[in-house]
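The values are calculated or read from the model by the stated rules, or taken from the named source; none is laboratory data. What you see is a predicted model; the values in this text were computed from it and never measured. Glycine gets a Cβ as well: all are built from the backbone with ideal geometry, and neighbour counts include every protein chain shown. In case anyone asks, the SASA skips ligands and DNA or RNA and just uses the protein heavy atoms, side chains included. Shrake-Rupley method; radii C 1.70, N 1.55, O 1.52, S 1.80 Å.
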Amino acid sequence: FMLARLAMSAAITDAHLPTLAQPDSDPRIWLEDVTGEEALAWVKARNAAALSSFGNPSDSATYSRILEILDSKAKIPYIGRVLNGLYYNFWQDETHVRGIWRRCTLDEYRKEEPAWETALDLDALGAAEGVSWVWGGSIPLDEGPTVRKERVMIRLSRGGSDATVVREFDLDAKAFVSRSNSR
């Protein structure tokens, strides 16, 4: 009985979902417009429902303590990647709200206050392009252990949305590769 009920429930639920025969029949396609009024209103309503069910997390002592830790200025810079003898770190603080991708040598990293070289400033990039870019990481062009890494693919998203933009970045020039100067 329970299995039949689950199958019937799934059939009713799935009846309105897109299929190979009708791929454009998604009734929730409007949610794809993440900055659209209808989608934002839907999210606001879901958030209100969650807050009324579970309460506001900012009212708890645990939330306040976690926020204090995350906002602490006493952070250890995590090395996310080592390329060509340089140690890369993505960093956010009150000055670099969207963040910077920076690098230094191992000797410099071991110092009390390393002198970092900025490879990419997301706040400056966003200001120049009029887009609120959010860091998604880097992927090096790996042609083997003996080949110097010159390029990486940088993953970014607009405002933190699920959609990702991938752009080629020149490590030596510290700039994105335009289509006209790509190899």
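Structure summary
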item: Extreme residue, surrounded by the most Cβ atoms within 10 Å (Cβ to Cβ), among residues of region 91-117 that are under 19 Å from the mean Cα position of the chain (by Cα) and of a type outside the set (D, E, K, R); result: Trp101
item: Pairs where the first residue, in region 83-96, is on the phi > 0 side of the Ramachandran plot and the second is assigned to a loop (DSSP other than H, G, I, E, B) and open to solvent by less than 50 Å² (accessible area, probe 1.4 Å), C-beta under 8 Å, 6+ apart; result: Asn84/Lys149; Asn84/Leu171
item: Helices (runs of 4 or more DSSP H) wholly inside region 1-88 that include at least 3 residues being at pLDDT below 75 and over 30 Å from Asp121 (Cα atoms); result: 2-14
item: In region 131-181, residue least open to solvent (accessible area, probe 1.4 Å) [restricted to those that are over 30 Å from Leu40 (Cα atoms) and β-branched (Val, Ile, Thr)]; result: Val152
